[in-house]
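Please treat every number below as a calculation from the coordinates, not as lab data. Everything numeric in this text was worked out from a predicted model, so none of it was measured. Note: ideal-geometry Cβ built from the backbone for every residue, glycine included; neighbour counts use all protein chains shown.
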Amino acid sequence: MLSNKVIENVLYAALSTGGDFAEIFVEDRYNNNMRMIGGLLESNISGRDFGVGIRIFNGVNSIYAYTNDAREDNLIKVAKEASMALSSSQKDLVFNFMRIPIDNRHRIEILPSSVGKNKKVELMKRGYESAKNYDPLISQVTVNYLDEEQNVLIANSEGVLAEDQRIRTRISLQAVAAKDGEMQVGFYGPGAAMGFEFFDYINVEEVGREAARIAKTMVLAEHCPSGTMPVIIDNEFGGVLFHEACGHALEATFVSKGTSAFSDQLGQSVASPLVTAIDDGTIPNGWGSTTIDDEGTPTQRNVLIENGILKSYLIDTLGGKRMGMKSTGSSRRQSYQFPPTSRMNNTFIAAGTSTFNQIISNTEKGLYAKKLGGGSVNPATGDFNFAVMEGYLVENGKIVKPVRGATLIGNGVKVLEKIDMVGNNVALGQGMCGSISGMVPANVGQPTIRVSSLTVGGRKGEE
């Protein structure tokens, strides 16, 4: 992507007038996005993005510049202009680029770019038909298809030289059910760091039926009562609550600045002893997996919380300099247009010992949140608000009826302390995570868990 000589000259330029560390990030990405609405292909956007990012540190200060012009003279010009913003001239620089050997555990069998458009559209139509024909209440179905190939090269003034190829494929369906002027939405969107062989592992008809099932169930449901009650949160995408309410607060982005609820808490009890939480960027073909992070550090399995005790943070190089700690291979960015920072990869609560049926049968009265939707969180306080896409009331140890319009309101730290049952059925769900370094693919997950007491927003007067 760039020769060693060009890399060396650009790094010299970056450090010629200031800074004590310089890094080059080169990206060559191919994207294919298609959308189908009402059974018709509404958009088909394919393209290539190529560019180079240059980052310079001076102590714990940094500057970032990027360009899509990879000519050597332009890269040197950009590097020099960026370095002018920093001070402390460096001399007698020696760069020894030792290529990092990479054991790419994410096997790709069929490059998506080798598959014709018609075959991809046929998959989308199958998903559309299965959702639309699920029930007459389904009024609209939207299908999104994505595949991408991202090739990166990372080099820095400490001798790192690494390359990685990332392939991802995803299909998502959204179904809308309508009845008596009411509309409810169901969504399901599996994805993986795989090629087109991904569709040998999933059934697009089942994806469509699942989205339609959620929508139909909720449009026929009663409104959820409000109040404080035990809440059972199901596995898979239920893990988005931990991801948003706690995971971001464990990133060095916030911890290093003292703006996280978990700052200075290492070694302390921050959760129920039943809770062990992990971020693992090494899961083979995981939606959020990479072989190396976006600073060239190999990804790893990071135990964040073990039996309720805070063990680790998610750390990038700059955050680590501020904290006096090493990178955990957790630096990510959306593209070359963003400087990297600490981010989650595949984050989940580990399995416990309870079965799903035991958790339900041991709950006298509460809410079963089978599917969570969107939400918001304040990383400094941990306060959150999440919509429940699919919910059910539990009474006398049984699931009795579906309810809609529920929201979960609480504090991430307090929720961790109130988890009193953890299931044995871990599953992961796929999503896109946003932060200051852009949108990145991330897995969320957990087994079924029960929070002993949580505020549920619903319709007043129906408590």
Computed FRET efficiency, Cβ-Cβ of GLU158 and GLU417, R0 51 Å: what is it to the nearest 0.05?
0.80
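So, counting K/R as plus one and D/E as minus one, what does the shell of residues with Cβ under 14 Å around GLY39 add up to?
Numbers: positive: ARG35, LYS125, ARG126, LYS132; negative: GLU42, GLU122, GLU129.
Counting the neighbours of GLY39, the net charge comes to +1.
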Report the relative contact order of the chain, percent, no decimals, based on alpha-carbon pairs under 8 angstrom and at least 6 residues apart.
16
Counting other Cβ atoms within 10 Å of each Cβ, which trypsin sites (Lys or Arg not before Pro) in region 99-152 have at most 13 and sit in a DSSP loop?
ARG107
Backbone N under 15 Å from the ILE399 label point (7 Å along Cα→Cβ), restricted to region 363-390
363, 366-372, 389-390
Below 13 angstrom from the Cβ of ILE138, what's the summed charge of the other residues (Lys, Arg +1; Asp, Glu -1)?
+2
Within the chain, helix-based [θ] at 222 nm, where runs of 4 or more DSSP H residues each add -39,500 (n - 2.57), nearest 500
-5000 deg cm²/dmol
Within 12 Å, Cβ to Cβ, of PHE348, how many net charges do the neighbouring residues add up to if Lys/Arg are +1 and Asp/Glu are -1?
-2
Note down the nm distance, to one decimal, between modelled labels 7 Å out along Cα→Cβ at ASN61 and at LYS119.
5.4
Taking the Cα-to-Cβ direction at ILE37 and at LEU220 and moving 7 Å from each Cα, how far apart do the two end points lie in nm?
2.8
Antiparallel DSSP beta bridges within region 227-457, percent to nearest 5
85
Lysines with Cα under 28 Å of LYS418, excluding same-chain neighbours fewer than 8 positions away:
LYS257, LYS311, LYS365, LYS370, LYS371, LYS398, LYS401, LYS460
Labelled set (i) 1.01; (ii) 1.04; (iii) 0.96; Rg/Rh (Cα atoms, Kirkwood Rh) computed from this model equals the value at (i)
Could you check the simple spin-label distance between VAL303 and ARG322, using points 7 Å along Cα→Cβ, in nm with one decimal?
2.8
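Is the C-alpha gyration tensor of region 118-258 telling us rounded, prolate or oblate? Criteria: a/c under 1.5 is rounded; beyond that, a/b larger than b/c is prolate, otherwise oblate. Could you put the intermediate results ahead of the total?
Values: a/c = 3.31, a/b = 1.34, b/c = 2.48.
Since a/c reaches 1.5 but b/c is at least a/b, the shape of region 118-258 is classed as oblate.
For GLU81 and LYS257, what is the calculated FRET efficiency with R₀ set at 25 Å and r taken between the beta-carbons, to the nearest 0.05?
On the way: r = 27 Å, r/R0 = 1.09.
With a Förster radius of 25 Å, E is 0.40.
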Please report, ordered by residue number, every helix of the chain (full DSSP H runs) that is 18 Å or longer along its axis going by C-alpha atoms and whose mean Kyte-Doolittle hydropathy reaches -0.5.
204-219
Multiply the residue separation of ARG459 and THR228 by 0.36 nm, subtract the distance between their alpha-carbon atoms, and state the gained length in nm to one decimal.
81.9 nm
